[in-house]
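Provided herewith is a single structure, encoded as structure tokens, for subsequent inquiry.
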Protein chains: 2
Amino acid sequence: MNTLSYGLLALLAQESCTGYELMLKIQPVWQAKHSQIYPILAKMERSGLVQFVSVAQKEKPDKKVYSITEKGTSALQAWLPDLSAEPVKRDEMLLKMYCLWLADAATTERLFRERLKLYAKRMEKFRASLAELEGAEQGSGKPLGVRTPSFGKYVLLKRAIDHARMEIDWCEWVLGMLKSGIDSSGA
Amino acid sequence: MNTLSYGLLALLAQESCTGYELMLKIQPVWQAKHSQIYPILAKMERSGLVQFVSVAQKEKPDKKVYSITEKGTSALQAWLPDLSAEPVKRDEMLLKMYCLWLADAATTERLFRERLKLYAKRMEKFRASLAELEGAEQGSGKPLGVRTPSFGKYVLLKRAIDHARMEIDWCEWVLGMLKSGIDSSGA
DNA sequence: CGAAGCATGTAATAGGTTACATGATTAT
DNA sequence: ATAATCATGTAACCTATTACATGCTTCG
């Protein structure tokens, strides 16, 4: 049982889904391909943490809908209070910062414009998701309390938006420096 | 040549260092252990991108001081304008958000307090580094222009502080929700 | 007509972590 | 005393990506 396994279990605790759905859902927090998820699911099924039912579909491939077992829920609750590993990030664009000074002005500007675009897109997407979640909340009458399964999605969405905002602000701040002639000093 | 190789090259373009120093310097942007860095350095030396001189030290182990070659600088400049891969992040604490609703109030609070502490520490560290950099800048008389080797460190530090600020704010926002009784809804 | 989405899986490879190995000094 | 810092390297293992494999539908 590695961290990704627990993440999948956590998603299954919210609602039953297929491996494919889990792969899509976990992306914002943990990038994993389907080739990593399917074997984990099979392994967790063998150890009784999850179970599945095969569902035949017309005009689409058959699917396996996984759900968490009692044993799985216990495992999750044991993992939750454990001290979490420090976040790991690998960001190619940030590595480029170390040698920005040997790039031309056009390349430098493009680097930041590309990143700006990336996070602007993400922000849009996350905002739409948040609006959707808030709409569903009002529809059901239930408020987003800590003890409701969608609370996690809610705080994660809030954080994702804040993060995108920060990245956008940072890009604009640097872009502003490029324009305001501060860059001309060493050229 | 993978992304980490280019990152090491980028650091060496700023100043010559040992593998050990590179390992420490690259941490904020790309988490890598020495066991990964030494073989890469040896490989880049064999292909002529970097070179090294052995320096004997008294009361410390001998070291190899690596520096970038012309060939290495060309490779860096070719990498810079390439479209950067999207940032990868793996954050165990965020995975836990999905099953927060099955944790007790004390565990939930501890989770956020631990993260708050982590980022408060980082913020302190980054602020100290920024103050140091700004001090060195004033001492040298040279402003932090885009074309100076320390510009990258500067923008990276600014971003690290902004990021830590965001994480802290998020934790405090959630912690506030826990206290204000919003959590009592589903309990 | 080709690309993308749904849906599952395996195999090969690359990337990254932990452990093994050594050894002196300095701080707690 | 024990841990941490400096300093380098290798081996074993785990994690993650890319490629291979299949197949039908819908959208551009």
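The values are calculated or read from the model by the stated rules, or taken from the named source; none is laboratory data. Just so it is clear, the structure is predicted and the values come from calculations on it, not from any experiment. Reconstructed Cβ throughout: ideal geometry from the backbone, glycine too, with neighbour counts over all protein chains shown. The accessibility values were calculated without ligands, DNA or RNA, using every heavy atom of the protein model including side chains. Shrake-Rupley method; radii C 1.70, N 1.55, O 1.52, S 1.80 Å.
Being assigned by TED's automatic domain parsing to the domain that holds A:L178, more than 29 Å from A:M1 (Cα to Cα) and within 16 Å of DNA strand C (Cβ to nearest atom) narrows it down to one residue among A:R115, A:R122; which is it?
A:R122
Take the stretch B:148-163 and flag every residue that is within 7 Å of chain A (Cβ to nearest Cβ), surrounded by 18 or more Cβ atoms within 10 Å (Cβ to Cβ) and modelled with pLDDT under 95.
Across the stretch B:148-163, the qualifying residues are B:T148, B:F151, B:G152.
What's the number of the condition A:L9 fails, among (1) assigned to a helix (DSSP H, G or I); (2) within 16 Å of DNA strand D (Cβ to nearest atom); (3) closer than 30 Å to B:S16 by Cβ?
Status for A:L9: all satisfied but (3).
Among the residues of the stretch B:111-131, count how many are in contact (Cβ under 8 Å) with a residue 24 or more places away in the chain, basic (K, R) and within 16 Å of B:Q27 (Cα to Cα).
Selection size over the stretch B:111-131: 1.
Identify, from the list B:S35, B:S54, the residue that is within 14 Å of DNA strand C (Cβ to nearest atom), on the phi < 0 side of the Ramachandran plot and of a type outside the set (D, E).
B:S35
Taking the stretch A:108-129 as the region of interest, how many residues are surrounded by fewer than 18 Cβ atoms within 10 Å (Cβ to Cβ) and facing another protein chain (nearest Cβ under 8 Å)?
So the count comes out to 2.
A further question on this structure: Could you tell me how many of the residues in the stretch B:1-32 are open to solvent by 40 Å² or more (accessible area, probe 1.4 Å), more than 12 Å from DNA strand C (Cβ to nearest atom) and facing chain A (nearest Cβ under 9 Å)?
Of the residues in the stretch B:1-32, 3 are open to solvent by 40 Å² or more (accessible area, probe 1.4 Å), more than 12 Å from DNA strand C (Cβ to nearest atom) and facing chain A (nearest Cβ under 9 Å).
Regarding B:G19, is this residue small (G, A, S), within 11 Å of DNA strand D (Cβ to nearest atom), in contact with a helix residue (DSSP H, G or I) (Cβ under 6 Å, 6 or more places away or on another chain) and more than 25 Å from A:F112 (Cβ to Cβ)?
Yes, satisfied.
When B:M97 is evaluated against the numbered criteria (1) within 13 Å of DNA strand C (Cβ to nearest atom); (2) over 20 Å from the mean Cα position of the chain (by Cα), which criterion, by number, is the only one it fails?
B:M97 satisfies all of (1) within 13 Å of DNA strand C (Cβ to nearest atom); (2) over 20 Å from the mean Cα position of the chain (by Cα) except (1).
Here is a further query. Looking at the structure I just gave you, is A:E59 in contact (Cβ under 8 Å) with a residue 60 or more places away in the chain and open to solvent by 80 Å² or more (accessible area, probe 1.4 Å)?
Considered against the rule, which asks whether it is in contact (Cβ under 8 Å) with a residue 60 or more places away in the chain and open to solvent by 80 Å² or more (accessible area, probe 1.4 Å), A:E59 comes out as no.
Then there's this: When only residues in the stretch A:63-94 that are within 15 Å of DNA strand D (Cβ to nearest atom) and within 23 Å of B:S74 (Cα to Cα) count, which is farthest from the chain's Cα centre (by Cα)?
Among them, the one singled out is A:E92.
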